[in-house]
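Since the structure comes first, as structure tokens, the remarks are kept for the end.
The values are calculated or read from the model by the stated rules, or taken from the named source; none is laboratory data. Since the model is a prediction, treat every value here as computed from it, not as a measurement. Methodologically, a virtual Cβ is constructed for each residue, glycine included, from the backbone with ideal geometry; neighbour enumeration extends over all protein chains shown.
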Amino acid sequence: MLSEVQQKNYDYFCKNLPAYLNDPVLKDKYAIFFNEELKGVYDSFSSAYSAACDAYPIGEFIIQQIVDKNEIVEFLWSAVI
């Protein structure tokens, strides 16, 4: 279950996903969202996770892969702490 802060970050991600998909630098990358902002983009989930844990409070960020919603695998549970 998402916290209120994480839900806001997830909603922000969903709202902005179409724009992210149009950016070839972002597409297929793993992005950190904190305080309803895109904070960083990484090639792997593990590198995004490591960077997020070092920079942001646990339980307040999310990590999402920038992929079309039709390609999204339900892995949100592993991206949220």
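Has the stretch 48-55 got at least one residue that is surrounded by fewer than 17 Cβ atoms within 10 Å (Cβ to Cβ) and at pLDDT below 95? No, the stretch 48-55 contains no residue that is surrounded by fewer than 17 Cβ atoms within 10 Å (Cβ to Cβ) and at pLDDT below 95.
The numbered conditions (1) surrounded by 16 or more Cβ atoms within 10 Å (Cβ to Cβ); (2) modelled with pLDDT under 95 are all true for F33 except (2). Could you look through the stretch 16-30, keep only residues that are under 12 Å from the mean Cα position of the chain (by Cα) and outside any loop (DSSP other than H, G, I, E, B), and pick out the one that is surrounded by the fewest Cβ atoms within 10 Å (Cβ to Cβ)? Looking at the filtered set, the residue picked out is N16. Out of the residues in the stretch 1-16 that are over 12 Å from E37 (Cβ atoms) and among the hydroxyl-bearing types (S, T, Y), which is modelled with the highest pLDDT? So, considering only residues that are over 12 Å from E37 (Cβ atoms) and among the hydroxyl-bearing types (S, T, Y), the one modelled with the highest pLDDT is Y10.
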